[in-house]
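Please read the structure below before turning to the comments.
The values are calculated or read from the model by the stated rules, or taken from the named source; none is laboratory data. Not measured: the values here are computed from a predicted model. Neighbour counts are summed over all protein chains in view; Cβ atoms, including those assigned to glycine, are modelled from backbone coordinates with ideal geometry. Accessible surface is based on the protein model in full, side chains and every heavy atom, while ligands, DNA and RNA are left aside. Shrake-Rupley method; radii C 1.70, N 1.55, O 1.52, S 1.80 Å.
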Amino acid sequence: MSDDPRGADPITDAILSESVYERLRYTEGIITVPVGRVLTYQAALLGLLATILPLYAVYPDAVAEHVGTLDPFFATPQVLFLGVVGWASEIGSALTLTGTYWYRIRTEPLSEATARTIVTVEQIAIGLSLITGGLAIVATVGLIALGAFGASVLSTYLGAVAGENVFAQGGMLSVGHLSILAVLGCLSVLGVRAVLGRDAG
């Protein structure tokens with residue numbers, strides 16, 4: 001067994017590293033997920049959001065009285081507001097994380113003040129995407145999925161839980177358009193993840 005404490009585990013390596021950024025990320029960061037892994041999670045969430053199109057496409061005819069139209073490219077249910085928030089959170093956070101990553105590797109070694117700022121920005125971006133954006137996307141997909149189970153399930157939810165018809169027209173985007181944006185976002189984030197490579201984690 002080696003007496004060298006370095007190499008024992010990633011956290012120990014980071015704390016003992018000469019990189020101020022790595023040390024602060026593990027000693028002062030709340031969420032210590034590597035940037036590359038976060039981008040993978042973001043792509044997965046955007047892929048999940050894209051499923052609203054096939055889910056809506058299988059709505060039975062009986063659901064029409066609650067949703068206005070069964071055409072996903074004309075349906076703009078108000079509940080999609082959550083999906084738009086989730087999409088924006090993932091894309092905005094991915095851009096932020098990518099920007100801070102490139103800035104960090106191009107300017108290392110970093111001063112402690114700069115490293116602390118980068119860690120703080122990353123923590124906010126990760127929390128925004130995985131918690132706020134993630135919950136918004138899961139809620140959107142879950143609610144859209146209700147209609148696929150039939151009019152009785154949807155009407156029960158609208159009457160007993162929602163209290164109002166959140167599937168009524170009036171949203172910002174249609175189901176189909178948001179789904180396409182989610183696919184494009186997913187592919188873009190995966191592309192960025194591939195460019196960053198293994199060093200991003």
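If the elastic network links every pair of Cα atoms under 10 Å, which of S129, S89, S152 fluctuates the most in the Gaussian network model of the chain? Top of the fluctuation ranking is S152. Remark on region 36-132: Rg and Dmax equal 18.8, 63 Å (Cα only).
Of all the options A160, A125, A168, the one that moves most in a Gaussian network model of the chain with Cα springs shorter than 10 angstrom is A160.
Rounded to the nearest 10 degrees, the inclination of helix 80-107 to the longest alpha-carbon principal axis of the chain is 20 degrees. Take the Cα of A64, step 7 Å toward its Cβ, do the same at T114, and the gap between the two points is 6.3 nm.
With each label modelled as a point 7 angstrom along the Cα→C-beta vector, the L135-V121 pair spans 2.6 nm. Comparing G150, L55, G170 along the charge dipole axis of the chain, the residue lying farthest to the positive side is G170, per the Cβ-charge model. A straight chain from A160 to L95 at 0.36 nm per residue would run longer than the Cα-Cα distance by 19.4 nm.
Taking region 61-96 and a reference point 7 angstrom along Cα→Cβ of I180, the backbone N atoms nearer than 13 Å belong to 72-75.
Summed over the residues of region 32-199 and divided among them, the accessible surface reaches 47 Å² per residue at a probe radius of 1.4 Å.
For q = 0.08, 0.12, 0.16 Å⁻¹, what log10 I(q)/I(0) does the chain give under the Debye formula with an equal point scatterer on each alpha carbon and no solvent? Listed by q, the Debye log ratios stand at -0.37, -0.67, -0.94.
Of the listed residues E90, E164, E108, the order by accessible area with a 1.4 Å probe, largest first, is E164, E108, E90. Springs between Cα atoms under 10 Å define the GNM used for the chain, and in it the highest mean-square fluctuation of V121, V79, V175 occurs at V121. Can you tell which of A139, G197, I124 lies farthest toward the positive end of the dipole of the chain, using +1 and -1 charges on the Cβ of basic and acidic side chains (Lys, Arg; Asp, Glu)? Farthest towards the positive end: G197.
Once both labels are positioned 7 Å from their Cα atoms along Cα-to-Cβ, the gap between S188 and V33 label points is 2.0 nm. For region 100-139, the spherically averaged projection of the C-alpha convex hull amounts to 2.8 nm². An ellipsoid equivalent to region 62-181, defined through the eigenvalues of its Cα gyration tensor, has semi-axes of 40, 14, 9 Å when rounded to whole angstrom and sorted largest first.
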